[in-house]
1. Given the conditions (1) outside any loop (DSSP other than H, G, I, E, B); (2) exposed (fewer than 15 other Cβ atoms within 10 Å of the Cβ), which single one is not true for Pro23?
2. Mind listing whichever residues of the stretch 57-75 are under 24 Å from Pro25 (Cα atoms) and either of a type in the set (Ser, Thr, Tyr) or within 12 Å of the chain's Cα centre (by Cα) (or both)?
3. Look through the stretch 59-105, keep the residues that are in contact (Cβ under 8 Å) with a residue 40 or more places away in the chain and out of contact with any Pro (no Cβ under 9 Å at 6 or more places or on another chain), and return whichever of them is farthest from Glu17 (Cα to Cα).
4. Can you name the residue in the stretch 76-107 that is among the polar types (S, T, N, Q) and within 18 Å of the chain's Cα centre (by Cα) and, of all such residues, is farthest from Leu28 (Cα to Cα)?
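Throughout, read-outs are computed from the coordinates displayed, never taken from laboratory work. Note that the structure is a prediction, hence the values are computed from the model and not measured. All Cβ positions, even for glycine, are placed from backbone atoms using ideal geometry, and neighbour counts span all protein chains on display.
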Amino acid sequence: MKYTNFLNRKKELKFLEDLYNSPKPKLLIIYGRRRVGKTTLLQYFGSKYNALYFIGRQESEKSIFRRFSEIFAERFNDPFILKNPFQNWDAIFTYTLILSIFLPSFAFLEQN
């Protein structure tokens, strides 16, 4: 895949593509200084794949789980989750892991 419209990130995009195409589930944590393009890199990459993007805000856990459930249900067309919102992070990660067996996906969570 060519990345002609995204400057100076070919190496990082190739790494993400290789990670995405790996047969095993992976967890990648990206951190660094503010305003260097971490979010833009992931949004650009995620736009090409089955990506779920969620920004964490300072709000109650109940609100976080409800909002995540709504985004998840919309992104993966999953009415079950819309009617039965996630109640904790264990449920989110377990359900996502099970889903990833049947549907290759890419999710990134961002702290705001």
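1. Result: Pro23 fails condition (1) only.
2. Phe68, Ser69, Ile71, Phe72, Arg75
3. Leu103
4. Going residue by residue through the stretch 76-107, those that are among the polar types (S, T, N, Q) are 77, 84, 87-88, 94, 96, 100, 105.
Adding the requirement that they be within 18 Å of the chain's Cα centre (by Cα) leaves 77, 88, 94, 96, 100, 105.
On the way: Asn77: 25, Asn88: 21, Thr94: 17, Thr96: 15, Ser100: 15, Ser105: 14 Å.
Result: Asn77.
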